[in-house]
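Chemist: Okay, here's the structure, questions in a sec.
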Amino acid sequence: METIPPPQIFYVESTRVACDGEEDGVAGHPRVWLQMGSEGSADCGYCDRRFILTGGPADPR
């Protein structure tokens, strides 16, 4: 049985971020803008990347 890898996590300094799914030459998706709410994180609906506001409530560090 194959396991699904966890989503990539990016720590960012802004509550509004753009995601186009492209990094290291991997095929991407249309650029979408994501707005974080009071939880301090946002997930991309295309590629499941998670963006966490540095120092925000969702930052586990």
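The values are calculated or read from the model by the stated rules, or taken from the named source; none is laboratory data. Since this is a predicted model, take the numbers as computed values, not measurements. Backbone-built Cβ (ideal geometry, glycine too); neighbour counts: all protein chains shown.
Chemist: With loosely packed, with under 11 Cβ neighbours inside 10 Å and touching a Gly at 6+ places or on another chain (Cβ under 9 Å) as the only criterion, which of P60, P6, P30 stands out?
Modeler: Only one candidate qualifies: P30.
Chemist: Examine segment 22-36 for a residue that is basic (K, R), modelled with pLDDT under 90 and in a loop (DSSP other than H, G, I, E, B), and state whether such a residue exists.
Modeler: no
Chemist: Here is a further query. Of everything in segment 33-54, what is more than 11 Å from V12 (Cα to Cα), under 10 Å from the mean Cα position of the chain (by Cα) and either exposed (fewer than 12 other Cβ atoms within 10 Å of the Cβ) or of a type in the set (V, I, T) (or both)? Give them in sequence order.
Modeler: Matches in segment 33-54: G45 only.
Chemist: Could you tell me how many of the residues in segment 2-18 are at pLDDT below 95 and either in contact with a His (Cβ under 9 Å, 6 or more places away or on another chain) or among the basic types (K, R) (or both)?
Modeler: 0
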